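This structure is in structure tokens; I'll ask about it shortly.
The values are calculated or read from the model by the stated rules, or taken from the named source; none is laboratory data. What you see is a predicted model, and the numbers here were worked out from it, not measured in a lab. We place every Cβ from the backbone using ideal geometry, glycine too, and count neighbours over all the protein chains shown. SASA here: full protein model, heavy atoms, side chains in, ligands and nucleic acids out. Shrake-Rupley method; radii C 1.70, N 1.55, O 1.52, S 1.80 Å.
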Amino acid sequence: MLAALAAAALIVAASLTIGQAALTLCGRRDDRVVAGPIGLALLLAVAAIVAGLDGRGTAIAIALIALTALAAGVLIRVGLPSVPREVRLSAIAAALLAGLAASIPFIAAGHVGILGVGLVNDDMASHLLLADWIAERFDPEPVLVDQGYPLGPHALVAGLASLLDGRTIDVFAGLVLAIPALTAFLAAGLLS
């Protein structure tokens, strides 16, 4: 569970940092409420591009670290936009609450695993295969790759699994936890 929480924390922090830096570079510092989704989209795009250039898990991890460091440098140079303390605290509380709610299946099971496995939804096996293939590039190439299946989330997971030296299932769980947290940040910002 710790690897999933670490992955979720890294995804949220990097998404907010990268998104705010992108907004700042575009002259839209006042749109900070959308920083999380923009940052996540950029993380997914960069991971997919590196994977598309035959980058494996380590190369993706390096690209994600470089992107996050560059974004942090931009924010250090120009300064963070001012956010009222109440808004910051409510956004953090909302994100933590959303992350906790998303964690309920894992907490109830007592471990991180595949959500929805059974007769109805066995898709995660394909997603894990794609993430592992991106990380290691073994043969044969999965059919979905040849069919043009979008691999951004899988590449992000492969890169973070390499960075954290963790299992792809744990990092996918972290992505599942990060998305509600980023959504809660967005909602709290919009409501403020």
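Considering only residues of segment 106-130 that are open to solvent by less than 50 Å² (accessible area, probe 1.4 Å) and under 21 Å from Ala161 (Cβ atoms), which is modelled with the lowest pLDDT?
Gly116
Can you name the condition, by its number, that Trp133 falls short on among (1) crowded, with 20+ Cβ neighbours inside 10 Å; (2) under 21 Å from Ala102 (Cα atoms); (3) at pLDDT below 95?
Every listed condition holds for Trp133 apart from (2).
Just give me the residues in segment 137-175 being over 20 Å from Ile62 (Cβ atoms), in a helix (DSSP H, G or I) and open to solvent by 60 Å² or more (accessible area, probe 1.4 Å), in sequence order.
Within segment 137-175, Val143, Asp146 meet the criteria.
Moving on. (1) free of Cβ contacts under 8 Å to residues at least 40 places away in the same chain; (2) assigned to a helix (DSSP H, G or I): which one isn't true of Leu128, the others all being true?
(1)
Counting just the residues of segment 1-32 that are open to solvent by 40 Å² or more (accessible area, probe 1.4 Å) and touching a Phe, Trp or Tyr at 6+ places or on another chain (Cβ under 8 Å), which one comes out modelled with the lowest pLDDT?
Met1
Looking for something more than 25 Å from Phe185 (Cβ to Cβ), assigned to a helix (DSSP H, G or I) and at pLDDT 85 or above - is there at least one such residue anywhere in segment 90-105?
No, segment 90-105 has no match at all.
Something else now. So which residues in segment 69-82 are open to solvent by 40 Å² or more (accessible area, probe 1.4 Å) and either part of a helix (DSSP H, G or I) or touching a Lys or Arg at 6+ places or on another chain (Cβ under 6 Å) (or both), if there are any at all?
Answer for segment 69-82, where residues must be open to solvent by 40 Å² or more (accessible area, probe 1.4 Å) and either part of a helix (DSSP H, G or I) or touching a Lys or Arg at 6+ places or on another chain (Cβ under 6 Å) (or both): Ala69, Leu70, Ile76, Arg77, Val78.
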